[in-house]
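Structure first, then comments.
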Amino acid sequence: MIWCILIIGILLPQSLAHPGFFTSIGQMTDLIHTEKDLVTSLKDYIKAEEDKLEQIKKWAEKLDQLTSTATKDPEGFVGHPVNAFKLMKRLNTEWSELENLILKDMSDGFISNLTIQRQYFPNDEDQVGAAKALLRLQDTYNLDTDTISKGNLPGVKHKSFLTAEDCFELGKVAYTEADYYHTELWMDQALRQLDEGEVSTIDKVSVLDYLSYAVYQQGDLDKALLLTKKLLELDPEHQRANGNLKYFEYIMAKEKDVNKSASDEQSDQKTTMKKKGIAVDYLPERQKYEMLCRGEGIKMTPRRQKKLFCRYHDGNRNPKFILAPAKQEDEWDKPRIIRFHDIISDAEIEIVKDLAKPRLSRATVHDPETGKLTTAQYRVSKSAWLSGYEDPVVSRINMRIQDLTGLDVSTAEELQVANYGVGGQYEPHFDFARKDEPDAFKELGTGNRIATWLFYMSDVSAGGATVFPEVGASVWPKKGTAVFWYNLFASGEGDYSTRHAACPVLVGNKWVSNKWLHERGQEFRRPCTLSELE
């Protein structure tokens, strides 16, 4: 069962392609322009073939008329010396020219263009990554397969739908990962669309083959048997289905014998075995995290809400903000999360994005075991680092952060710009190094990450919130704003309530940039306290 989804690539201005297209919507937009270019090239090829065929048709029509006249009186026709000469000329020369025209390959230009661009095409990793992103969005935002298949997502501008073949491919990706829960959901969807009469390149036999096995793997033997029988009605000679039918019937007969003498406890165990659902994974707070991503489970009480305010902030009488103070809003109380409104202009955002885009690469995380940077499936985005000396705008942004926070940015990390991909996310994590990671920032020599400053450089149509599962807080992206919080207490101890996550982007394109400020240089700007948790 071979499967393929055509993904058209991009002719990049750089000499090297960007691996991992699915991890950055910003870079994926370039693929749209390349696909348009290839379609134009394809239409040129079609036009050339049509012109060639038109020439052949005209030649055929001319000769058809000529030969019809000639065959009525062959001797009289060739008795004319001009006709005799032209007959010799046509058969000796013109038919050879026609042969050459027919054999002429009009596809050279298109094939050449396609070959050049193919080296920059997204690969299997991109296709599988995009498929997994849909499954992730399905779980996080409680979307059923029919909703996704029909493209009924919130905030969409360009509605799209999935064919039965698309649903089948999603099921196969899940199957390859031994994710039988999603395999069943998407094979079911493919089967429903085929039952509704959709014309497709896949058949019900192939879908039922995967579906019956996925159901069996989840413990529902009765349904697996029913689906296998349905498959055999369509293809009685299906070898694997016939083998599965005998096996399922044998297992069921064996279970009936066991059930005659089984205790209630064994019966309960059987029921538990048949329970279906999303596989348990490594993330302990996944349920809280996904609820917050949906805007559910927020723990802000009305009493605490009354203590949150908006204000004008002059950066402790900083000359730059006395006449034009920054607009500040309390997003959360513990940990204290502050949002600054209209703190970065659209023009500055575009400059930062233009600087970052050519060097976006797959975002990395610190491996606590090796201390080195590595890619991770729980962080789906691309990022780039910008230094202050590269552009006056970057330097100005850095100084703005220093003026408004009162913290020294000379020991901070460079400005990190990130663009999230299909279903882009960063699962719950800490920005600061814990006690079991003493060497996390040893190479920097600037101590731990004392605080985080996060710019939102785009609005997001749906999803993409920054959530704090430990305290039940959700902060939603708003272009031109920034949020700030301390990762460490003034004592230097880590504030574990700052564990946070970037929710999957459901619809839209999410751009952010962040500045991690470090302990060194803050000794007199944020003095240490005597209490550990202050």
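The values are calculated or read from the model by the stated rules, or taken from the named source; none is laboratory data. Note that this is a predicted model, so its numbers are computed, not measured. Counting neighbours? That spans all protein chains shown, and the Cβs are built from the backbone with ideal geometry, glycine included. Ligands, DNA and RNA are excluded from the accessible area calculation, which covers all protein heavy atoms including side chains. Shrake-Rupley method; radii C 1.70, N 1.55, O 1.52, S 1.80 Å.
Using the charge dipole of the stretch 21-119 (Lys, Arg: +1 at Cβ; Asp, Glu: -1 at Cβ; taken about the Cα centre), state which of Thr29, Trp95, Tyr45 has its Cα farthest towards the positive end.
The residue sitting most towards the positive pole is Trp95.
Cα-Cα over 29 Å: which of Lys357/Lys435; Lys36/Lys62; Lys159/Lys357?
The pairs that break the limit, which is 29 Å between Cα atoms, are Lys357/Lys435; Lys36/Lys62.
In whole angstrom, how far apart do the alpha carbon centroids of the stretch 385-461 and the stretch 115-175 sit?
31
Just need log10 I(q)/I(0) for the stretch 43-107 at q = 0.12, 0.13, 0.18 Å⁻¹, Debye formula, equal scatterers on the alpha-carbon atoms, no solvent, rounded to two decimals.
Scattering profile of the stretch 43-107, log10 relative to I(0): -0.41, -0.47, -0.74.
In vacuum, with every alpha carbon of the stretch 407-463 counted as one equal point scatterer, what does the Debye formula give for log10 I(q)/I(0) at q = 0.25 Å⁻¹? Two decimals, please.
Here log10 of I(q) over I(0) equals -1.20.
Taking K and R as +1 and D and E as -1, what net charge do the other residues with C-beta under 12 Å from the C-beta of Gln27 add up to?
Net charge around Gln27: +3.
Can you work out the Karplus-derived ³J(HN,Hα) for every residue in the stretch 24-37? Use 6.51 cos²θ - 1.76 cosθ + 1.60 with θ = phi - 60°, whole Hz, and x for glycine or proline.
Working through the residues one at a time gives 8, 5, x, 7, 5, 4, 5, 5, 4, 5, 5, 4, 4, 5 Hz.
Enter the angle in degrees (range 0 to 90, nearest 10) between the Cα long axis of helix 264-273 and the first principal axis of the Cα atoms of the chain, meaning the one along which they spread out most.
With both axes taken from Cα atoms, the answer is about 70 degrees.
Report, largest value first, the span of the C-alpha coordinates of the stretch 297-518 along each principal axis, in whole Å.
Result, largest extent first: 47, 41, 39 Å.
Apply the Karplus curve 6.51 cos²θ - 1.76 cosθ + 1.60, θ = phi - 60°, to the phi angles in the stretch 496-501 and return the couplings in whole Hz, x for Gly and Pro.
So the Karplus estimates, Gly and Pro as x, are 6, 6, 8, 4, 9, 8 Hz.
What does the net charge come to around Ile450 if you take all other residues with beta carbon closer than 12 Å to its beta carbon, with K and R at +1 and D and E at -1?
Summing Lys/Arg as +1 and Asp/Glu as -1 gives -2.
Counting only heavy atoms of protein chains, what accessible area per residue, in Å², does the chain have with a probe of 1.4 Å?
55
Can you bin every Cα-Cα distance in the stretch 103-237 into 5 Å intervals starting at zero and give me the percent of pairs per bin, rounded to whole numbers?
So the P(r) values, bin by bin, are 2, 9, 16, 17, 16, 13, 9, 7, 5, 3, 1, 0, 0.
Considering only the other residues whose Cβ falls under 9 Å of the Cβ of Asp408, what net charge follows from Lys and Arg at +1 and Asp and Glu at -1?
Summing Lys and Arg as +1 and Asp and Glu as -1 gives +2.
Counting each DSSP H run of 4 or more residues in the chain as -39500 (n - 2.57), what helix-only mean residue ellipticity at 222 nm follows after dividing by all residues, to the nearest 500 deg cm²/dmol?
Using -39500 (n - 2.57) per qualifying helix, the result is -14000 deg cm²/dmol.
Between helix 204-217 and the chain, what is the angle of the helix's C-alpha long axis to the longest principal axis, kept within 0 to 90° and rounded to the nearest 10?
30
Could you work out the relative contact order of the stretch 419-534, using alpha carbon pairs under 8 angstrom and six or more residues apart, expressed as a whole percent?
Across the stretch 419-534, relative contact order equals 39 percent.
Could you work out how far helix 392-405 tilts from the main Cα principal axis of the chain, as a 0 to 90 degree angle to the nearest 10?
The answer is roughly 30 degrees.
What do the square roots of 5 times the Cα gyration tensor eigenvalues come to for the stretch 424-492, in whole Å, largest first, as semi-axes of the equivalent ellipsoid?
The equivalent ellipsoid of the stretch 424-492 has semi-axes of 26, 13, 12 Å.
Pairs of alpha-carbon atoms within less than 8 angstrom and 6+ residues apart define the contacts here; what relative contact order does the stretch 297-518 have, in percent?
23
Could you order Lys57, Lys320 so the one with the most accessible surface comes first? Probe is 1.4 Å.
Lys320, Lys57
Which lysines, on any chain, are close to Lys334 with Cα under 19 Å apart, when same-chain ones fewer than 8 places away are left out?
Counting by Cα, and skipping residues close in sequence, Lys334 has these lysines nearby: Lys288, Lys299, Lys306, Lys307.
Which residues' amide hydrogens lie under 5 Å from the amide hydrogen of Phe121, considering only partners 5 or more residues apart or on another chain, with H built in the peptide plane?
Ile10
With Cα Rg over 2.2 N^0.38 Å in mind, check [x] 1.09; [y] 1.00; [z] 1.36 and report the label derived from this structure.
After the calculation, the listed value that fits is [z].
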